[in-house]
Amino acid sequence: MPVPISQGLTVAGYLLKQKLAGRKRYPFVLMLEPLFRCNLACAGCGKIQYPAHILKSELSPEECFKAVDECGTPMVSIPGGEPLMHSQIDKIVEGLVERKKYIYLCTNALLLKEKLHLFKPSKYLTFSVHVDGQREHHDFSVCREGGYDQAIEGIKAAVKAGFRVTTNTTLFDGADPNSVRAHFDEMMELGVEGMMLSPGYSYDKAPDQKHFLGRARTRRLFRSILSNRKKSWKFNQSVLFLEFLMGKQHYKCTPWGMPTYNVFGWQKPCYLLQDGYADTFQELLDSTEWQNYGTESGNPKCANCMVHSGYEASAVDAQLNGLSGLWATIKSALAGNYEDADALQMLNEPVKPVHSFNPLVQISSTDSAMEETRA
Amino acid sequence: MSAPTHSDRAGAAQSTANAALDPEQLEIAAGTARQNVEGWVPELASDAEIRSALEQAFEYRGDVTITRKDGAKIEGYIFDRSTGDSLATSFVRLLPKDSHSRLKISYAEIAALAFTGRDAAAGKSYEAWVKKYWAKKTTGEGEASIQPDALE
């Protein structure tokens, strides 16, 4: 994992402590959402569909610090909404750096260049920039032409100023694996520290309800993307989680692994589902009926989920599970570039992104219309 | 007007059946089918109707107005609900539109419910965006985007 040694050691020490303490459910990364307001309106996002008075609400720095202290994780991810729109985001980051928390500030980077002066480069602070693929793919994904160019400008400025920068890419049905692989090349050339990947979750509240990947298609897509990988690609994720996305590992969801705190409180049960709120982290652990969640539970809301917030903590926990975890880790190290001739063949299959279909042009036959929406 | 239910999610029965058979075989995760409930005023004649309507209100992407049995009206966003054995032990938690307080209201105290706020996701489908994009391209009107709603 391309992170500073101090971060690796801190996280490893924390995880070992949890295991030695025999904690069955422990948090790995806190997802701190200080606001829901955003300067994008991505159709596949279900995080910002609120009335104006909720979108105007913000967690104060003190509320953020209380949640961070309560949860106790060494890593804090700050998504949203767009965190750079928070009126005191610099104070929040400063306070978390003081607490020696490793922060991933998740941003679409539209404001990054403009607000970079509010922050100081630190090993504790990483800008995790949302880039959903190459220019056309990203712009369609975030429903904003020009969004890609602004994000790239932000990345360049942050890298130049000495900040740690990673990218996070969410993939939906219709993603072109060759284009995603080319996107990896482009991001690494920009000098980012690593990349993060996830299939999109079928948010109940998202405006778009038609392009969420099912598990079978997710595995095929990620196998085609992540097999035969280039040495230059660095991923800021657990190797076993990436194998899970490729269908090489099977895990059960650990929704408590990345608990979420926002203006409503501690979200039940996870970062993606909103099934109510608890007022304290302990109440979240004690009062959530965990058996009702995860694909294995039969809950239809969890049927397609393979998202990091549910399964990356599972993968990390599995790595620490005695000999089987050790063996899985050794195998992943030996896998090298994950050579796979079938996966290479899959890259030759024709793909037409959903957005390439112009609905203003009349389609002559049903068959051709169907083809346009096939991944 | 009838309102959507939880079972409307994931292509209704088909997806639930698929998931029950083997979620690992799912190719596409069908999303939630939503009806437009903006402006809906549900009947609250029975306990079942009250429970169902408040579940819809919890799922709604806009504000609702609750009228208490003492006549007080509260407009706001329901962010939590907890259901107990009786209406008296079931409650919603709500952030009022005009204050920063958090209110907890028992189902037994609720006389009426109305979906008064705008559905925050209405009209922002991917299809609408793609259509807008191509329309802009066809007319040469410049860069296309879907903008977040103004907050005022």
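The values are calculated or read from the model by the stated rules, or taken from the named source; none is laboratory data. In this text, all values refer to a predicted model and were calculated from it rather than measured experimentally. Neighbour counts are summed over all protein chains in view; Cβ atoms, including those assigned to glycine, are modelled from backbone coordinates with ideal geometry.
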* Asked: Given the residues B:Ile146, B:Ile74, B:Ile78, B:Ile105, which is the only one that is β-branched (Val, Ile, Thr) and outside the structural domain of B:Ile50 (by TED's automatic domain parsing)?
  -> B:Ile146
* **Evaluation of B:Thr116 against (1) among the polar types (S, T, N, Q); (2) modelled with pLDDT under 95; (3) in a loop (DSSP other than H, G, I, E, B) (one fails), failing number** => (2)
* To do: Determine whether the stretch A:28-51 contains at least one residue that is surrounded by 22 or more Cβ atoms within 10 Å (Cβ to Cβ), under 30 Å from A:Ile5 (Cα atoms), in contact with a Lys or Arg (Cβ under 6 Å, 6 or more places away or on another chain) and more than 14 Å from chain B (Cβ to nearest Cβ).
  => no
* Asked: For the stretch B:8-24, does any single residue satisfy the condition of being crowded, with 18+ Cβ neighbours inside 10 Å, under 25 Å from B:Asp149 (Cα atoms) and either outside the structural domain of B:Gly84 (by TED's automatic domain parsing) or modelled with pLDDT of 85 or more (or both)?
  -> no
* **Unmet criterion (only one of (1) in a loop (DSSP other than H, G, I, E, B); (2) more than 14 Å from chain B (Cβ to nearest Cβ); (3) among the basic types (Lys, Arg); (4) over 22 Å from A:Gln237 (Cα atoms)) for A:Lys91** => (1)
* Asked: Any chance the stretch B:98-114 includes a residue that's over 24 Å from A:Pro269 (Cβ atoms), touching an Asp or Glu at 6+ places or on another chain (Cβ under 6 Å) and either touching a residue at least 60 places away in the same chain (Cβ under 8 Å) or not small (Gly, Ala, Ser) (or both)?
  -> no
* Answer yes or no: is there a residue in the stretch A:53-60 that is crowded, with 17+ Cβ neighbours inside 10 Å, in contact (Cβ under 8 Å) with a residue 12 or more places away in the chain and away from every other protein chain (no Cβ under 14 Å). => no
* Among helices (runs of 4 or more DSSP H) lying entirely in the stretch A:100-192, which contain 2 or more residues that are in contact with a Lys or Arg (Cβ under 6 Å, 6 or more places away or on another chain) and surrounded by fewer than 22 Cβ atoms within 10 Å (Cβ to Cβ)? -> A:147-160
* Filter the stretch B:37-68 down to the residues that are over 22 Å from B:Ser82 (Cβ atoms) and more than 13 Å from chain A (Cβ to nearest Cβ), then identify the one that is surrounded by the fewest Cβ atoms within 10 Å (Cβ to Cβ). => B:Ala45
* Selection within the stretch B:105-152 - within 11 Å of chain A (Cβ to nearest Cβ) and hydroxyl-bearing (Ser, Thr, Tyr) -> B:Thr116, B:Ser125, B:Tyr126, B:Tyr133, B:Thr138, B:Thr139, B:Ser145
* Asked: Among the residues of the stretch B:76-86, which ones are surrounded by fewer than 20 Cβ atoms within 10 Å (Cβ to Cβ) and either in contact with a Pro (Cβ under 7 Å, 6 or more places away or on another chain) or among the hydroxyl-bearing types (Ser, Thr, Tyr) (or both)?
  -> B:Ser82, B:Thr83, B:Ser86
* Could you please let me know if A:Thr10 is in a helix (DSSP H, G or I) and in contact (Cβ under 8 Å) with a residue 40 or more places away in the chain? => yes
